[in-house]
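Undergrad: Please find one structure pasted underneath; my questions will follow.
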């Protein structure tokens, strides 16, 4: 199975941020490390280390990797794969599945893809600066060799 590169992981880490203790994310979920949603019955000795948080992130990102591999049927460069995994990790596989972004990727209309990322910058009915920056970074990574 294909995996996200260090560059892709670093992009996710940069935008998720690191918390050594559990906090409630904007969506209302208890979260720790680099965006790990704490499941019912799951406990952590706090504070967790960055190394432990990275192990959790690699476990968590596996479902996003699998979703990209399942939903995209065209060859991808590392940058393209990483950008799509970051997008999917942030928004879920349903967003990728129903997106024009995915259709353009599968039709190999790669020049249009960075613009499609920028359609996904809304949360709670508002355009968020953090999401704009993340989608711009994903678009740049998608275009990289």
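The values are calculated or read from the model by the stated rules, or taken from the named source; none is laboratory data. In this text, all values refer to a predicted model and were calculated from it rather than measured experimentally. Cβ: placed from backbone, ideal geometry, glycine included. Neighbour counts: every protein chain shown.
Undergrad: Read through the list (1) over 30 Å from residue 125 (Cβ atoms); (2) within 17 Å of the chain's Cα centre (by Cα), then give the number of the only condition that residue 50 fails.
TA: Against the list (1) over 30 Å from residue 125 (Cβ atoms); (2) within 17 Å of the chain's Cα centre (by Cα), residue 50 comes up short only on (2).
Undergrad: Moving on. Please go through the stretch 107-117 and pick out each residue that is closer than 30 Å to residue 36 by Cβ and touching a residue at least 24 places away in the same chain (Cβ under 8 Å).
TA: Our first condition is that a residue be closer than 30 Å to residue 36 by Cβ; within the stretch 107-117, this holds for 113-114, 116-117.
113, 114, 117 - these are the residues of the stretch 107-117 that are closer than 30 Å to residue 36 by Cβ and touching a residue at least 24 places away in the same chain (Cβ under 8 Å).
Undergrad: I'd like the full set of residues that are exposed (fewer than 13 other Cβ atoms within 10 Å of the Cβ), at pLDDT 95 or above and not in a helix (DSSP H, G or I), limited to the stretch 110-137.
TA: Selection gives 119 alone.
Undergrad: What's the total number of residues in the stretch 1-16 that are assigned to a loop (DSSP other than H, G, I, E, B) and either in contact with a strand residue (DSSP E or B) (Cβ under 9 Å, 6 or more places away or on another chain) or surrounded by 13 or more Cβ atoms within 10 Å (Cβ to Cβ) (or both)? Reasoning before the result, please.
TA: Taking the stretch 1-16 and keeping what is assigned to a loop (DSSP other than H, G, I, E, B), we get 1-5.
Adding the requirement that they be either in contact with a strand residue (DSSP E or B) (Cβ under 9 Å, 6 or more places away or on another chain) or surrounded by 13 or more Cβ atoms within 10 Å (Cβ to Cβ) (or both) leaves 3-5.
Selection size over the stretch 1-16: 3.
Undergrad: One residue is enough: does the stretch 73-83 have a residue meeting the conditions more than 21 Å from residue 32 (Cβ to Cβ), in contact with a helix residue (DSSP H, G or I) (Cβ under 6 Å, 6 or more places away or on another chain) and free of Cβ contacts under 8 Å to residues at least 24 places away in the same chain? Write out each step before concluding.
TA: To start, the set of residues in the stretch 73-83 that are more than 21 Å from residue 32 (Cβ to Cβ) comprises 73-83.
Adding the requirement that they be in contact with a helix residue (DSSP H, G or I) (Cβ under 6 Å, 6 or more places away or on another chain) leaves 73-74, 79-80, 82-83.
Those left that are additionally free of Cβ contacts under 8 Å to residues at least 24 places away in the same chain: none.
No, the stretch 73-83 contains no residue that is more than 21 Å from residue 32 (Cβ to Cβ), in contact with a helix residue (DSSP H, G or I) (Cβ under 6 Å, 6 or more places away or on another chain) and free of Cβ contacts under 8 Å to residues at least 24 places away in the same chain.
Undergrad: Condition first: surrounded by 12 or more Cβ atoms within 10 Å (Cβ to Cβ), at pLDDT 95 or above and over 14 Å from residue 11 (Cβ atoms). Can you find one or more residues in the stretch 80-93 that meet it?
TA: At the first step, the residues of the stretch 80-93 found to be surrounded by 12 or more Cβ atoms within 10 Å (Cβ to Cβ) are 80-93.
Then drop every residue that is not at pLDDT 95 or above, which leaves 80-89, 93.
Imposing the further condition that a residue be over 14 Å from residue 11 (Cβ atoms) reduces the set to 93.
Yes, that holds for at least one residue.
Undergrad: So, of the residues in the stretch 21-47 that are in a strand (DSSP E or B) and either surrounded by 15 or more Cβ atoms within 10 Å (Cβ to Cβ) or without any contact (Cβ under 8 Å) to a residue 12 or more places away in the chain (or both), which turns out to be nearest to the chain's Cα centre (by Cα)?
TA: The first filter runs over the stretch 21-47 and keeps only residues in a strand (DSSP E or B), leaving 21-24, 30-33, 36-37.
Restricting the remaining residues to those that are either surrounded by 15 or more Cβ atoms within 10 Å (Cβ to Cβ) or without any contact (Cβ under 8 Å) to a residue 12 or more places away in the chain (or both) gives 22-24, 30-33, 36.
On the way: 22: 20, 23: 19, 24: 19, 30: 18, 31: 15, 32: 16, 33: 14, 36: 12 Å.
The extreme case among them is 36.
Undergrad: Just checking, which of 56, 96 is assigned to a helix (DSSP H, G or I), without any contact (Cβ under 8 Å) to a residue 40 or more places away in the chain, closer than 23 Å to residue 29 by Cβ and touching a strand residue (DSSP E or B) at 6+ places or on another chain (Cβ under 6 Å)? Steps first, answer last, please.
TA: Working: 96 fails: touching a strand residue (DSSP E or B) at 6+ places or on another chain (Cβ under 6 Å).
On inspection, the qualifying residue turns out to be 56.
Undergrad: Kindly check whether there is at least one residue in the stretch 72-93 that is closer than 25 Å to residue 26 by Cβ and either outside any helix (DSSP H, G or I) or over 13 Å from the mean Cα position of the chain (by Cα) (or both). Talk me through it step by step, then tell me what you get.
TA: Going through the stretch 72-93, the residues closer than 25 Å to residue 26 by Cβ turn out to be 82-93.
Restricting the remaining residues to those that are either outside any helix (DSSP H, G or I) or over 13 Å from the mean Cα position of the chain (by Cα) (or both) gives 92.
Yes, because at least one residue in the stretch 72-93 is closer than 25 Å to residue 26 by Cβ and either outside any helix (DSSP H, G or I) or over 13 Å from the mean Cα position of the chain (by Cα) (or both).
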